[in-house]
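Read the structure below first, then the notes.
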Amino acid sequence: MIGERNRIITIANQKGGVGKTTTAINLATALAAIGERVLIVDLDPQGNASTGLGIERRNRKLSSYDILTGTHTILETVLETAVPNLFIVPSTMDLLGVEMEIAQQPDRVFRLRRALSGSDALAFSYILVDCPPSFNLLTMNAMAAAHSVLVPLQCEFFALEGLSQLLETVDQVRRTVNSSLDIQGIVLTMFDSRNNLAQQVVNDVRTHLGEKVYHTLIPRNVRVSEAPSYGKPAILYDLKCAGSQAYLQLASEVIQRERQRKAAA
Ligand SMILES: Nc1ncnc2c1ncn2[C@@H]1O[C@H](COP(=O)(O)OP(=O)(O)OP(=O)(O)O)[C@@H](O)[C@H]1O
Ligand SMILES: [Mg+2]
């Protein structure tokens, strides 16, 4: 059983470049701005969430690698970010080797879950886990540790392709290591209103997935793509841009749905 003191959300899609990390950074920042206490766990060896939040490599002495190998706790690895209320466990390239290192261990899928169970003292209300674009042991750890999966889907022709595989994987995780894993929601990213196909994709996704799809559409926005090179979330880099405003709206939708879920429980 995963604790109920916070909401642990894994951001996953095995497709590359669909907006997982951008969503992790900006949703987390928006939640923190609204007053939530938020942790990002960067579980991708690329370390884009860490870089995008301005954590320089030389400051990543301890990382998510150390919590997966079990040598350090969340309390020891967590770093502050420039955003008040937002913290991160950064990643390093060491993560590339972790799969080999723990592959033979019977608890290899539960390493992150165990580490997060020791984070209560830090009183996070949301923990967002940024995954690599693959169904590897890192993503499995993230799914085994979470209450739910948030799926960013890029508004493009092949958006639905791969989604069925993702949903099957979530089912498989439910049957094996985490029976209560839920779909938090599906967020459509990089929407371009000038592209006729994009609206068609939105309609198709809503028809197929209904209520699970957030009303908020994240627009394709150049300010959002520029922000990481300054080590800042878009919301700090340019609060007024359409992308930042969309992520703030997404955060309020996430919070509103959480209230409804708790009321129904
Ligand atoms: N709303 C947006 N508007 C413009 N560019 C965006 C937007 N969202 C993401 N991008 C850009 O698209 C690229 C891919 O985004 P991102 O890194 O978030 O995807 P990802 O799914 O995490 O990728 P990976 O699978 O490699 O981890 C990045 O260059 C990012 O800056
Ligand atoms: Mg990423």
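The values are calculated or read from the model by the stated rules, or taken from the named source; none is laboratory data. Quantities reported herein were computed from a predicted structural model and do not represent experimental measurements. Neighbour counts run over all protein chains shown; Cβ positions are idealised from the backbone, glycine included. Just the protein is used for accessible areas: all its heavy atoms, side chains included, with ligands, DNA and RNA removed. Shrake-Rupley method; radii C 1.70, N 1.55, O 1.52, S 1.80 Å.
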Here are some residues: GLY47, GLY54. Which one is over 21 Å from LEU138 (Cα atoms), modelled with pLDDT of 95 or more and surrounded by fewer than 24 Cβ atoms within 10 Å (Cβ to Cβ)? GLY54
Residues in the range 2-17: is at least one basic (Lys, Arg), within 12 Å of ligand 1 (Cβ to nearest atom), within 23 Å of PHE158 (Cα to Cα) and open to solvent by less than 50 Å² (accessible area, probe 1.4 Å)? no
Let me spell it out: the conditions are (1) touching a strand residue (DSSP E or B) at 6+ places or on another chain (Cβ under 6 Å); (2) assigned to a helix (DSSP H, G or I); (3) open to solvent by less than 60 Å² (accessible area, probe 1.4 Å), and GLN249 meets all of them except one. Which number is the exception? (3)
I'd like the full set of residues that are surrounded by fewer than 19 Cβ atoms within 10 Å (Cβ to Cβ) and over 17 Å from the mean Cα position of the chain (by Cα), limited to the range 202-218. VAL202, ASN203, ASP204, ARG206, THR207, HIS208, LEU209, GLY210, GLU211, HIS215
Does the range 230-237 contain any residue that is at pLDDT 95 or above and closer than 22 Å to GLN14 by Cα? no
Restricting the range 20-75 to residues that are free of Cβ contacts under 8 Å to residues at least 60 places away in the same chain, within 16 Å of ligand 2 (Cβ to nearest atom) and farther than 12 Å from PHE87 by Cα, which is farthest from the chain's Cα centre (by Cα)? SER63
